[in-house]
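Please treat every number below as a calculation from the coordinates, not as lab data. Quantities reported herein were computed from a predicted structural model and do not represent experimental measurements. Neighbour counts run over all protein chains shown; Cβ positions are idealised from the backbone, glycine included.
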Amino acid sequence: MLGVTPPLSLASSSQNDLRLADELVKVLKQQKAFEPPEKALLRVGFLISVSSCCSCSRTVLDTLNKLTKRFVHEVCREQGLTEVEMVNAKVLTYGSYRLGVHAEDADIDTLCVLPRNITRYDFFDRMRSILQSQPGIEKLNAVEESYVPVIKFKFYNIPIDLVCAILPLSTIPEDLNVNNPSLLRFMDQRCIRSLNGTRVADELLSLVPHVNTFRTVLRCIKLWATKRAIYSNVVGFLGGVAWAILVARICQLYPNACASTVVSKFFRIIAQWNWPSPVILKAIEEYSGNGDVQPWNPRMNIKDREHRMPIITPSYPSMCTTHNVTLSSMKIISGELNMAAGIVDRVMIGSASWDDLFKENIFFQRYEHYIQVIVSADDHLSLIEGAGLIESRLRQLLMKLESAPQVSLAHPFIEGIEASRRCTEMRQVYDFIGAKPPANQQISNAEIDQTFYTKTFYIGLYFRFDLKRASTLNLSAPINGFKKQILQNDAFDNKHLQLHIRYLDRSSLPQELVSAGSATMKRAYEDTDIPSINTASIHLDLNNDNSNSNSSSNNSESNNEQNSRNHKNPSSPTSPITMNTNEPYPYTPSSLAGVNSTLSVPSI
């Protein structure tokens with residue numbers, strides 16, 4: 001038996017369900033959820049010229065493997081080791097690529113497995129330098145402070161996420177079995193998290209009854225979650241591993257069902273799951289006393305008890321893949337699951353099509369109020385590094401916003417939007433980077449000729465109000481607290497980067513955002529300038545937003561005094577936001593029409 005409970009049904013699917021499964025595969029191919037053969041060859045099998053003047057040709061993964069070995073040998077020579085060539089390292093894959101469900105535009109999640117004499121500093125210093133000098137590699141960004149430290153880049157336009165795991169071995173054998181739990185002894189938590197990506201993918205495939213059905217359903221769920229803009233672990237939604245575990249659990253419960261049946265059961269069951277009851281694929285192995293290796297255990301670990309939607313990896317040590325889920329993202333995910341359940345119910349009876357399931361979430365038409373987080377730089381490399389830091393910390397801003405009494409929902413858009421503009425005067429610079437000119441200081445009319453770069457993140461806000469009280473809200477504390485945290489971070493280069501945060505109502509959003517879907521929006525902005533944005537008539541007190549120094553945030557007493565002045569003078573440029581109290585909640589009961597609300601979800 002697969003799973004922690006017996007299957008709910010051993011029945012096979014009907015002829016109608018089999019027909020719907022075939023139709024689902026056709027739609028998935030139309031939606032580019034399958035990688036075409038020519039691009040698959042580019043990744044692993046087709047020999048590509050590394051450069052026009054280079055006599056050798058290599059595949060992308062083969063090249064990464066060779067670069068990793070070169071990196072290790074260089075470090076070993078510097079350390080004075082003899083027989084350097086005997087020290088080996090290797091590259092493995094994990095995530096969607098290892099599961100066999102990567103889409104046409106998907107990244108390759110890769111893992112450098114390194115011997116014990118290599119340090120994480122070596123990886124982020126020397127390996128990064130080697131990658132930067134490699135033809136075909138661009139947009140490289142090292143995010144050392146993330147939960148799983150990673151180097152991100154594009155290799156011949158294929159996105160790569162490269163992590164490292166340092167094993168307690170003098171060399172890495174080519175036939176390494178990463179599923180051997182003894183390898184985890186003496187490894188630190190970050191290395192264990194990195195190695196577990198590969199281990200989890202392998203075990204997932206061993207825990208489902210039919211791998212092909214699992215893959216088809218997972219492609220469907222990944223596409224749906226991407227279209228609905230809830231596929232992102234970093235900003236508080238569910239990442240690829242979490243969605244894969246959920247799909248695997250439903251496959252265990254309906255082992256003989258075809259893909260369309262499993263998709264239907266997936267939305268019905270997960271939409272009404274009794275959170276925070278965990279989703280697990282097998283019994284959690286107990287702690288064996290191996291140093292830092294401690295499996296998920298809410299009875300023993302208070303942090304584990306705080307997880308809202310625990311989805312637990314099967315490999316030892318079991319970990320929660322959803323520790324980033326916030327109160328808002330949980331509401332949004334639940335709402336989307338319920339709406340999808342209603343759509344699939346109609347698909348199964350022939351009153352809707354699979355295309356209806358994959359309609360894009362029009363994020364920029366959903367809310368009346370938005371927070372705009374703009375990181376700007378005077379060179380593109382600085383922007384990549386600064387934006388990576390902001391994105392990895394954006395969830396902290398979301399939680400700060402949620403703590404405001406009148407904020408009911410803080411909904412982040414899952415991608416930042418890049419733009420560049422060649423500016424010839426300072427007014428253009430201020431307008432482009434979202435900054436206000438210094439108070440009581442005239443803007444210089446001197447001509448300039450410089451290109452500036454921005455990446456903008458958006459957060460949709462929904463507010464709750466007591467209609468008996470004034471409908472005003474001041475978000476100074478969470479905004480300024482987040483800014484101070486970023487500006488004081490050593491990874492934020494104040495010489496080349498600026499951070500500005502402002503409030504916009506929907507009418508002040510760039511028109512391209514309002515009219516485009518989540519997928520087409522990104523294409524609309526490639527290689528184009530963001531148009532000028534009119535200053536919103538409603539302002540947010542950012543407490544000296546012009547300043548980009550660490551001293552920009554005043555103490556709490558000063559903040560309170562400023563807030564008091566703003567309430568007395570609502571026409572002030574720093575007055576609190578005045579909101580419309582009659583806007584509809586984005587996930588209303590009427591939007592859930594068609595969901596079988598009487599469905600009884602068993603304890604599984």
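Odds and ends about this structure:
- Taking the average, over residues, of other Cβ atoms within 10 Å as the packing measure, peptides 420-426, 404-410 rank 404-410, 420-426 from highest down.
- In sequence order, region 196-206 has phi-based couplings of 5, x, 6, 5, 5, 4, 4, 6, 4, 5, 7 Hz under the Karplus curve 6.51 cos²θ - 1.76 cosθ + 1.60, θ = phi - 60°, and Gly or Pro positions carry x.
- Annotation: amide H-H contacts under 5 Å for Leu409 (H modelled 1.01 Å from N, sequence separation of 5 or more, or interchain): Tyr462.
- Rounded to two decimals, the Cα-based Rg/Rh of region 142-274, with Kirkwood Rh, is 1.01.
- Once both labels are positioned 7 Å from their Cα atoms along Cα-to-Cβ, the gap between Thr5 and Arg308 label points is 2.4 nm.
- ³J(HN,Hα), Karplus 6.51/-1.76/1.60, whole Hz, each residue of region 308-319, x for Gly, Pro: 7, 10, x, 10, 9, 5, x, 6, 6, x, 4, 10
- For Lys90, residues with placed amide H under 5 Å, excluding near neighbours: Val113
- A protection proxy built from the mean count of other Cβ atoms within 10 Å ranks the segments 83-94, 194-205, most packed first, as 194-205, 83-94.
- Extreme residue, positive dipole direction of region 99-220, given options Met187, Pro173, Leu131 (C-beta unit charges): Met187
- In this structure the amide hydrogen of Ile448, modeled in the peptide plane, comes within under 5 Å of the amide hydrogens of Glu425, none closer than 5 places in sequence on its chain.
- For region 171-186 and region 104-120, distance of Cα centres in Å: 15 Å
- Region 38-204 - convex hull of the alpha-carbon atoms, volume per residue in Å³: 123 Å³
- Each part gets one Cα centre, and for region 59-99 versus region 380-432 those centres are 35 Å apart.
- Under 26 Å of direct C-alpha separation, and excluding same-chain neighbours fewer than eight residues apart, Lys66 reaches these lysines: Lys39, Lys90, Lys139, Lys152, Lys154.
- Set of lysines with alpha-carbon distance to Lys400 below 18 Å, sequence-local pairs under 8 removed: Lys331, Lys483, Lys484
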